[in-house]
Amino acid sequence: MTATLITAQAPDPSAAGPAPKTGPRPRSLASRLASLAAGGAVRVVLVVLAVLWLLPTAGLLVSSFRSPRDIASTGWWEALTDPGQWTGANYDALLGDDTFTSSIWTTVAITVPSTVLVVVLGAAAAYAFAWLEFPGRDYWFLLVVALLVVPVQVALIPVAKLFNALGIFETTFGVILFHSAFGLPFAVFLLRNFFAEIPRELLEAARLDGAGELRLFTRVVLPLGGPAIAALAIFQFMWVWNDMLVALIFADSGSPPMTVALQQQMRQFGSNFDVLAPGAFLTMLIPLAIFFAFQRQFVSGVMSGAVK
Amino acid sequence: MESGKAVIRARPWAVACFLLPALVLLGALVIYPIGYSIQRSLFDASGDTFVGLDNFQEIFSNDSIRHALRNNLIWIVVAPTVATGLGLIFAVLTERIRWATAFKLVVFMPMAISMLAAGIIFRLVYEQDPDRGVANAMLTTVHDTFSGTSTWPDAQPRPDGPLTVQDDGSYLLEQPVTAGTPVLLPLVAVPQPELSDAEPAATAATDPGQVTGTVWMDFTRGGAGAEGVIDPEEKALSGITVEAVRDGEVVAAAKTGDDGTFSLPAEADGAQLRLASDSFTAPYNGAEWLGPDLITPAIIGAYVWMWSGFAMVLIAAGLASVPRETLEAARVDGANEWQVFRRITVPLLGPVLGVVLVTLMINVLKIFDLVYIIAPSSSQADANVLALQLYLSSFGTGADQGVGSAIAVLLLLLVVPVMIVNLRRLRRENKR
């Protein structure tokens, strides 16, 4: 996972040089018409761009509802004018295929525990870094931040060796551990910064009431850290759900998650879009639902600097 | 982070309970592997013999790895720049649009999906056949709009007929023509469906002041017609350019009419006739996106589709903090929109643009899924990048984990500068 620290740096207005204050100049009719036309042109350009951006996904969605015969002979756009081409047969076939349905469960079995583990371990460590006193605290935190940008590639060979020795190579458990480890630096970084903003008085008051370290964590820090934890959980969930590389190496090749199952289809048959298109769309369903439901948390997760 | 801010004088074992699980996991699966990879990169494939820096030398001398290195360089330079540039344009354009949120949602959406799904999406986009792949469908439509479709791509001279095929694809009548004698230029091999709208061929008028003639499909269904003669049911081939050539120079030209006839002025007398090649060239089939030459730009296109939204959202956030008054003041002073953008907006956004570029560069450095999925096996070698080569070297057939580890160490070295910048910034904030 790599991340760059994005500290919201407000641009410095003075850099642009002094701007003498004068009253607004009356604008001629011609210049007003010109800016109106420009505004119209911008709208047209944006509509074209939006269509261009939607086109690839639309192609996948429409293709997933076409018969293999139609996919092989004509473009997906032909189906827009010919409703007779639409069929759910590809989805019926895919969801009736045990290998694929079990891959959905594998994906869930990897994603949910990885997310929970990263949130729990990350929050605990972030709390310690933010509020507990122990020797070398700042240096330990710097170490964690340094790990933010370490590429997963560095760990593939060594961890494969290690998991082999432990007997957890090609198991769901191994994949969960790997994702959790590489999710932790970002989790600790994000949550520590958020937890540190909690007003000190709240913690001191709870302390005076006799709360111990654990109680402070579960009763004060966690509830107040809600927004950051939500952003982290959504981000980690999406990352693990969408991963292919780690699963390709560490998952059980007999019951792989969806991404690897589809990748295997790809290698075997080349361009069998009647399987790949609905399969790809099914893998996108959950991430897209989360994206549209939790836009703000997702964007803030991405913006707080994590880009794996 | 301020030292000494910790209010809680915690018991050591309590600190350990909160901290250790995370640190142990990080130590075992992130820190230990870094050390192992560095050490492993100095040993050969079997891992028994110390080879020094030989594996690193291999990276720079092995052709396929060097190709991956070169592609990575192209990726790092092109992909972040294009994505950031587009993000900047989108952010600025949407600034004063009421439905900006909807637009941003559309452009940002690909961030939510996996690279595998994006790869499959673009395999579909880049299908070679313009009837199936949307990229080539658009390309051929644009191409045909501007340069026109060729009228009779399948038409050929009749074997042992008077016309011969030239190197440039045109059809030449060797015998010089004379004005006043209509010329017959028979072609064959046009599929029947293409002729359904064609009119019957006519014999050209005889005019002593002009060179006239007919171009037609010299074939009657059922085989009743005679070769080289315009039979009653035979169809005209319209829209073909007939050129009169003398000493390699075109002296006159005309297009065949609906009935297949043409007439050239008297200058054509004694020249050779040639049917221009543009009527017969094979239809334009679009670009070979997944072929060896275009595969890397094509995959970069897919990446830009995914990540421009990321750049756009970050830049838009930066844009929101640009003070309105500064921009307004410049406009009042008579600066046009371009000058405002170039001289004020972009410089103020500098730090944000830098962060976006660096983030994308780190991301691109490790690009794997998109390349692995989009490149068909025939052009995988041409699309190769370091992360893919690392995977192939480490886990493919004939794996050499020494070389694989060396590539991993190289990737790590490339992100170290960013790591240092991150740490410096953090320490600066600590001291505040």
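The values are calculated or read from the model by the stated rules, or taken from the named source; none is laboratory data. The shown structure was predicted, so the numbers you read here are calculated from the model rather than taken from an experiment. As a convention, Cβ positions derive from the backbone with ideal geometry for all residues, glycine included, and neighbour counts pool all protein chains shown. Heads up: the accessible areas ignore ligands, DNA and RNA and are worked out on the full protein's heavy atoms, side chains in. Shrake-Rupley method; radii C 1.70, N 1.55, O 1.52, S 1.80 Å.
Residues in segment B:48-87 that are part of a loop (DSSP other than H, G, I, E, B) and open to solvent by 30 Å² or more (accessible area, probe 1.4 Å): B:D48, B:T49, B:V51, B:L53, B:N62. Residue count for segment B:95-112 under the criterion of being over 24 Å from A:P287 (Cα atoms) and more than 7 Å from every other protein chain (Cβ to nearest Cβ): the result is 3. B:A268: closer than 18 Å to B:W152 by Cα and in contact with a strand residue (DSSP E or B) (Cβ under 6 Å, 6 or more places away or on another chain), yes or no? No: the conditions fail for B:A268. Condition first: among the β-branched types (V, I, T) and under 20 Å from A:D274 (Cα atoms). Can you find one or more residues in segment A:41-53 that meet it? No: zero hits.
A search for C-beta distances below 8 Å between a residue of segment A:179-201 that is under 10 Å from A:A123 (Cα atoms) and touching a residue at least 24 places away in the same chain (Cβ under 8 Å) and any residue that is polar (S, T, N, Q) and assigned to a helix (DSSP H, G or I), counting only pairs 6+ apart in sequence or on different chains, returns A:A187/A:Q236. Restricting attention to segment B:350-395, the residues being at the interface with chain A (Cβ under 8 Å from one of its Cβ atoms), closer than 22 Å to B:W307 by Cβ and not in a helix (DSSP H, G or I) number 2. Taking into account only those residues within segment B:113-128 that are more than 7 Å from chain A (Cβ to nearest Cβ) and open to solvent by less than 10 Å² (accessible area, probe 1.4 Å), which is nearest to B:L348 (Cα to Cα)? Only one residue tops the list, namely B:A118. Pick from A:A160, A:A124: which is at the interface with another protein chain (Cβ under 7 Å from one of its Cβ atoms) and modelled with pLDDT of 90 or more? The unique qualifying residue is A:A124. The set of residues in segment A:249-266 being more than 8 Å from every other protein chain (Cβ to nearest Cβ) and assigned to a helix (DSSP H, G or I) consists of A:F250, A:M258, A:V260, A:A261, A:Q264, A:Q265. Do we have B:G286 as under 15 Å from B:P182 (Cα atoms) and at pLDDT below 85 here? So B:G286 does not fit the description; no.
Here is a yes/no grid of residues against (1) under 20 Å from the mean Cα position of the chain (by Cα); (2) under 25 Å from B:I315 (Cα atoms); (3) of a type outside the set (D, E):
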| position | (1), (2), (3) |
| --- | --- |
| B:Q57 | no, no, yes |
| B:A68 | yes, no, yes |
| B:W75 | yes, yes, yes |
| B:F103 | no, yes, yes |
| B:V106 | no, yes, yes |
| B:V125 | yes, no, yes |
| B:D129 | yes, no, no |
| B:R132 | yes, no, yes |
| B:A137 | yes, no, yes |
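When every residue of segment A:108-120 is checked against the conditions, at least one turns out to be within 12 Å of chain B (Cβ to nearest Cβ) and surrounded by 24 or more Cβ atoms within 10 Å (Cβ to Cβ).
Results for (1) more than 10 Å from chain A (Cβ to nearest Cβ); (2) not aliphatic (A, V, I, L, M), shown as yes or no for each residue.
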{"residue": "B:N285", "(1), (2)": "yes, yes"}
{"residue": "B:W289", "(1), (2)": "yes, yes"}
{"residue": "B:I299", "(1), (2)": "yes, no"}
{"residue": "B:V313", "(1), (2)": "no, no"}
{"residue": "B:T326", "(1), (2)": "no, yes"}
{"residue": "B:E337", "(1), (2)": "no, yes"}
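One line per residue, one yes/no per condition, for (1) within 24 Å of the chain's Cα centre (by Cα); (2) open to solvent by 10 Å² or more (accessible area, probe 1.4 Å); (3) within 30 Å of B:S379 (Cα to Cα):
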site	(1), (2), (3)
B:D269	no, yes, no
B:E288	yes, yes, yes
B:L294	yes, yes, yes
B:A298	yes, no, yes
B:G301	yes, yes, yes
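Put simply, of A:E170, A:E201 the only residue that is on the phi < 0 side of the Ramachandran plot and among the acidic types (D, E) is A:E201.
This table checks each residue for (1) at pLDDT below 85; (2) polar (S, T, N, Q); (3) over 12 Å from B:V134 (Cα atoms).
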position: A:R43; (1), (2), (3): no, no, yes
position: A:V47; (1), (2), (3): no, no, yes
position: A:V51; (1), (2), (3): no, no, yes
position: A:A58; (1), (2), (3): no, no, no
position: A:R66; (1), (2), (3): no, no, yes
position: A:G75; (1), (2), (3): yes, no, no
position: A:T81; (1), (2), (3): yes, yes, yes
position: A:G84; (1), (2), (3): yes, no, yes
position: A:A89; (1), (2), (3): no, no, yes
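Considering segment B:187-236, the residues that are in a loop (DSSP other than H, G, I, E, B), of a type in the set (A, V, I, L, M, F, W, C) and within 41 Å of the chain's Cα centre (by Cα) include one that is surrounded by the fewest Cβ atoms within 10 Å (Cβ to Cβ), namely B:A189.
Of all residues in segment A:197-221, those satisfying the criterion of being buried (at least 16 other Cβ atoms within 10 Å of the Cβ) and not in a helix (DSSP H, G or I) are A:I198, A:A211. Of all the numbered requirements in (1) closer than 30 Å to A:G174 by Cβ; (2) touching a helix residue (DSSP H, G or I) at 6+ places or on another chain (Cβ under 7 Å); (3) at pLDDT 90 or above, A:L94 misses one, and that requirement is (3). Within segment A:163-181, the set of residues being outside any loop (DSSP other than H, G, I, E, B), open to solvent by 10 Å² or more (accessible area, probe 1.4 Å) and in contact with a helix residue (DSSP H, G or I) (Cβ under 7 Å, 6 or more places away or on another chain) comprises A:T172, A:I176, A:L177.
Among the conditions (1) without any contact (Cβ under 8 Å) to a residue 12 or more places away in the chain; (2) open to solvent by 20 Å² or more (accessible area, probe 1.4 Å); (3) part of a helix (DSSP H, G or I), the only one that A:D70 does not satisfy is (1).
Output the residues belonging to segment A:163-201 that are more than 23 Å from B:Y391 (Cβ to Cβ), facing chain B (nearest Cβ under 10 Å) and of a type outside the set (D, E, K, R). Within segment A:163-201, A:L184, A:A187, A:V188, A:F189, A:N193, A:A196 meet the criteria. For the residues B:S321, B:S405, B:S394, the requirement of being open to solvent by less than 10 Å² (accessible area, probe 1.4 Å) and either modelled with pLDDT under 90 or not assigned by TED's automatic domain parsing to the domain that holds B:M111 (or both) singles out B:S394.
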